[in-house]
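Q: One structure is given below, represented as structure tokens, and several questions about it will come after.
No value in this document is a laboratory result; all are computed from the given coordinates. Computed from a predicted structure; not experimentally measured. A quick note on method: Cβ atoms are made from the backbone with ideal geometry, for glycine too, and the neighbour counts reach across all protein chains shown.
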Amino acid sequence: MNIAMLGSGFIGRFYADSLQGYRSKDKIVSIYSRKTESARKFATDYRVATATTNMEEAIARPEVDVVCISLPNHLHEEAVMLCVKHRKAVICTKPLGRNATEAQRMMEAVEQADIFNGYLEDLVYTPKFIKAYESVKSGALGRILWAKSRETHPGPHSDWFWDIEQAGGGAILDLGCHCVEIARTYIGKDIKPVEVMCWADTQVKPIEAEDHAIGLVKYENGAIGQFEVSWTFRGGLDLRDEVMGSEGTIWINGFLRTGFEMFTSGKGANYVAEKAESNSGWVFPVGDELNELGYNHMFADMFNAMESKQQPRETFYDGYVVNAILDAAYKSARTKQWEPVQLDVWRGRTGVTKDSHLDSYDDDHYLVKEEVTHYGARKWILKNKKTGKIIERVDA
Ligand SMILES: NC(=O)c1ccc[n+]([C@@H]2O[C@H](COP(=O)([O-])OP(=O)(O)OC[C@H]3O[C@@H](n4cnc5c(N)ncnc54)[C@H](O)[C@@H]3O)[C@@H](O)[C@H]2O)c1
């Protein structure tokens, strides 16, 4: 694939490292950046043939197969519309829009133009997530009841994130978009998110947006997604998932504790990992950031899908659903009420009821719990189906 990269900053460079290093057959052929020197530097670092400060020029080049949007949030829509104008396949970083209205416009435009569209939600492509999700799909956790995802760090690296107009929001939008899509994928992307309750506050930073929030997303089948986000967390980049099902549990620490711990006095200190706050003392490096953060598997899925004329796992539609959930979270944080998720476009199932939680033990009883005690007794706690009385049966 010949790629036009829009944006030469933090994520543009992570993407470029992954794009040109992993499948080995993809090449960035044009780079757009706001400043000439940044575009030129990126072109030199990644051996890109053309560098420009004109976004449309970067997109329209005939050799470009796909456009990768790595721009600040307020520029995503403009970039997508230029891809539609020039009928170029487009993959866009997260969040898709600053809100669901923007995201819906982008989704409808690419779908009407019938161009390939991919939503670059890397955290559902991490090796740990992929393995965990396979277990969930195979039924190893039973019914998914609660899926929590946490992303917290000490705050973003560029000015525009801190400006609510350009960014569209604070930690909820910037980090919550990851958490919401992670929980939604565990619970089932065909299950409708119905309402959201969210607490948000600006606890530390001198900004208009929230720097800390916690939210609950209720799904039609009764499952709960939970997100925890912060731009004020000290100690690095904390990425964790917890999934609880009727038959099992998964805990994942995606970044801060990967099993790699190092002590250094600081002599010869270097980059440790994204958002690491220290490079001396005990530090927690990450073996292969591109892989641990999902970029490699994400681009493999995107480009394999494009080549085989299929949809990738994450499309603009997913970006739109995420934006709609986050819009409800913002509303709830203001009203302090559960707020409905407004989805004008819904392509999953509807009317999915809560599965029965009644597990029969025999004709007369439901099973509440079975346990072997420390003194060797086997116990069954049972509920009579007719009377409702709770009893225990003990096999000593
Ligand atoms: N894990 C992830 O998926 C992930 C991580 C970080 C950022 N992002 C997303 O990537 C996008 C870019 O974020 P970033 O961290 O690379 O930002 P950044 O500030 O490091 O880079 C932004 C790039 O956009 C260019 N640009 C063009 N017009 C601009 C303008 N008006 N203001 C500022 N920059 C302008 C800059 O030149 C720069 O190359 C955002 O949508 C962000 O949410 C995703």
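Q: Over the chain, what is the relative contact order in percent, taking alpha-carbon pairs closer than 8 angstrom and at least six residues apart?
A: That works out to 16 percent.
Q: Moving on to the next point. If the only charges are +1 at each Lys and Arg Cβ and -1 at each Asp and Glu Cβ, what is the size of the charge dipole of segment 297-381 around the Cα centre, to the nearest 20 debye?
A: Dipole of segment 297-381, to the nearest 20 debye: 380 debye.
Q: Also, I was wondering about something else. Taking the Cα centre of the chain as the origin and placing charges on Cβ (Lys, Arg +1; Asp, Glu -1), which of Ile164, Leu382, Gly7 is farthest toward the positive end of the dipole?
A: Of the listed residues, the answer is Leu382.
Q: Place the peptides 118-126, 200-208, 297-305 in order of packing, highest mean first, counting for every residue the other Cβ atoms within 10 Å and averaging per peptide.
A: Output ranking for 118-126, 200-208, 297-305: 118-126, 297-305, 200-208.
Q: So which GluC sites (Glu not before Pro) in segment 53-109 are both in a DSSP loop and have at most 12 other Cβ atoms within 10 Å of their Cβ?
A: Glu63
Q: So, one more: Counting other Cβ atoms within 10 Å, which trypsin sites (Lys or Arg not before Pro) in segment 45-129 have at most 12 and lie in a DSSP loop?
A: Answer in residue order: Arg47, Arg87.
Q: Rounded if a/c is under 1.5, else prolate if a/b beats b/c, else oblate: with a ≥ b ≥ c from the C-alpha gyration tensor eigenvalues square-rooted, which is segment 167-263?
A: oblate
Q: Another question about this same structure. For segment 2-120, with only Lys/Arg (+1) and Asp/Glu (-1) charged at the beta-carbon, what is the dipole magnitude about the Cα centre, in debye rounded to 20?
A: The calculated dipole for segment 2-120 is roughly 360 debye.
Q: Another one. Longer than 31 Å from Cα to Cα, which of Lys128/Lys354; Lys27/Lys148; Lys128/Lys267; Lys25/Lys192 are they? Say none if no pair is.
A: Those over the limit are Lys27/Lys148; Lys128/Lys267; Lys25/Lys192.
Q: Can you give me the C-alpha center-to-center distance between segment 23-90 and segment 216-255, rounded to a whole angstrom?
A: A separation of 34 Å, based on Cα centres.
Q: Ok, one more. Loop only per DSSP, at most 14 neighbouring Cβ atoms within 10 Å: give me the GluC sites (Glu not before Pro) in segment 211-267, ordered by residue number.
A: Here the GluC sites (Glu not before Pro) that fit, given the DSSP loop and packing criteria, are Glu247, Glu261.
Q: While we're on this one: Relative to the longest principal Cα axis of the chain, at what angle does helix 76-85 sit, 0 to 90 degrees, rounded to 10?
A: 70
Q: Another question, then. Explain nothing, just compute: Karplus ³J(HN,Hα) = 6.51 cos²θ - 1.76 cosθ + 1.60, θ = phi - 60°, for every residue of segment 349-357 in order, whole Hz, x for Gly and Pro.
A: Taking θ as phi minus 60°, the curve returns 7, 10, x, 7, 8, 5, 5, 5, 9 Hz for segment 349-357.
Q: Where does helix 176-187 land angle-wise versus the long Cα axis of the chain, in degrees 0 to 90, nearest 10?
A: Around 50 degrees separate the two axes.
Q: Towards the positive end of the charge dipole of the chain, with charges on Cβ (+1 Lys, Arg; -1 Asp, Glu), say which of Trp231, Val286, Ala276 has the farthest Cα.
A: Going by the charge dipole, the pick is Val286.
Q: May I pose another question? Taking the chain as the reference, fit the longest principal axis to its C-alpha atoms, fit the long axis of helix 127-137 to the helix C-alpha atoms, and give the angle between the two in degrees, 0 to 90, nearest 10.
A: Value to nearest ten degrees: 40.
Q: Related question: Suppose every K and R has +1 on its Cβ and every D and E has -1 on its Cβ; what is the size of the dipole of the chain about the Cα centre, in Debye to the nearest 20?
A: Its charge dipole is roughly 360 debye.
Q: Can you give the net charge of the other residues whose Cβ lies under 10 Å from the Cβ of Pro127, counting K and R as +1 and D and E as -1?
A: Here the charged neighbours net out to 0.
Q: Just report the Cα centroid separation between segment 95-169 and segment 285-331, whole Å.
A: That distance is 6 Å.
Q: Which whole-Hz ³J(HN,Hα) couplings does segment 190-202 yield from phi under the Karplus relation 6.51 cos²θ - 1.76 cosθ + 1.60, θ = phi - 60°, glycine and proline marked x?
A: 8, 8, 6, x, 10, 8, 9, 10, 9, 10, 9, 8, 10
Q: Two-decimal Rg/Rh of the chain from alpha-carbon positions, Kirkwood Rh?
A: The Rg/Rh ratio comes out at 1.03.
Q: In terms of the Cα gyration tensor, with a ≥ b ≥ c the square roots of its eigenvalues, is segment 2-120 rounded because a/c is under 1.5, prolate because a/b exceeds b/c, or oblate?
A: prolate
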